[in-house]
Amino acid sequence: MTSLGGVEMVDWNLAVATATRLVRPGPEVSREGARAVVSELRRHAKSSEEHVRDFTRMYPDRPAESDTPVLVVDRPGWVRANVAGFRELLSPLLEKVQERRASTPGGAVLGAVGGKVTGVEVGMLLSFLASRVLGQYETFAPATRELPGGADGSGRLLLVAPNIVHVERELDVAPHDFRLWVCLHEETHRTQFAAVPWLRDHIRGEIQSFLGETEMDPSTLLERLREAAQSLSGSRTQGEGTAAEDGETTENGRAGLVELVQTPAQREILGRLTAVMSLLEGHADYVMDGVGPDVVPSVGEIREKFQKRRATGAGKLDQALRRLLGLDAKLRQYREGERFVRAVVEELGMDGFNRVWTSPNTLPTKSEIGRPADWIARMRS
């Protein structure tokens, strides 16, 4: 990454150190119990492959595990993985801000201080998210010594064991069923990218175009990083409240952070990104529940309790932070995306729905996500 006088725009090492220091400890589990959890999650991730592929009728040319490893991680491990991904994905944006700051009097001094400050603030953000994410298909995952990535940077699947154990205890559901249910969702994401070779490059191109259109001064960088942390990671969180869609006014009467820095070109790109992320998340929710009755006996109880927890949150502070970070808008993606998938499958069957994966042109638009009949009509024309 470009730096000014050897100083990075964001002190990523400090971000990791801050997050791992502040993140709350996980639930108490014996060493033997922890080994059992890790082993079971790995088994479920493997068994989920066949369940997901048979249900979706999406079959990669080669086994997903040959491209995307499954990593069972703790909270600090999730932090390290996401920092590596952010560092790569956001580099074009940070380079632009870096160049602008280089022409500012005193920019080098401000850079040394700003990189530290931003590193601490990003670390604080990640410490909050690290205790909430259950699993994540990390689409853009550069390999590190501690965290191997897929072939040619093709991604990795993360399962955050402490968070899964915490939620299954809090919901008082069958651990075996809950762990498999979570794995079905994340395996669906892995199958999406393994079976649709063009999808990863398409999303990367859209994100890079979005960032390339960004014009900002360093004072707005943290707001963009906050948005990126919740929007680009694909993170699945324990609970999310209800609020406005991107571009609408939130409960407290203020526009979302993304509205502060959008250009017309960015708005168009963001609409496409919102649509595809809604599709991916909604498809995964549809699949995990569709597969569920045959392999997860208590799926109905799990879904009911999980939805209630997601809607109510863990407390007023938790709800306030979720609104600030935009996590409440992500819940809308799950709901609208799942409704789109369900409506299309009911009308066209699974094979008809799978036309969505043909090319970027067959992906639904943002408006079509809310009106599935419009997408169906377009495919029939």
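Nothing in this text is a laboratory measurement; each read-out follows from the coordinates by a stated rule. Only a predicted model underlies this, so the values are computations on that prediction, with no experimental measurement involved. All Cβ positions, glycine included, derive from the backbone under ideal geometry; neighbour counts span all protein chains shown.
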| Order of 167-179, 74-86 by packing, highest average Cβ count within 10 Å first? | 74-86, 167-179
| task | Treat each spin label as a single point 7 Å out from the Cα along the C-beta direction, and report the GLN307 to MET350 distance in nm. | result | 2.2
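Between rounded, prolate and oblate, where does segment 141-201 land on the alpha carbon gyration tensor, with a ≥ b ≥ c its root eigenvalues, rounded for a/c under 1.5, else prolate if a/b exceeds b/c? Spell out each step's value before the answer.
Numbers: a/c = 4.11, a/b = 1.79, b/c = 2.30.
Oblate, because a/c is 1.5 or more while a/b does not exceed b/c.
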| Using a simple spin-label model with points 7 Å from Cα along the Cα→Cβ vector, what separation in nm is obtained for LEU22 and SER39? | 3.7
| remark: To the nearest 0.05, the calculated FRET efficiency linking THR263 and MET379 through their beta-carbon distance, R0 being 45 Å, is 0.90
| request: Rank the residues TYR286, TYR59, TYR334 as a footprinting-exposure proxy: fewest other Cβ atoms within 10 Å of their Cβ go first. | output: TYR59, TYR334, TYR286
| field | Length added when fully stretched, ASN361-GLU88, from 0.36 nm per residue minus Cα-Cα | value | 95.6 nm
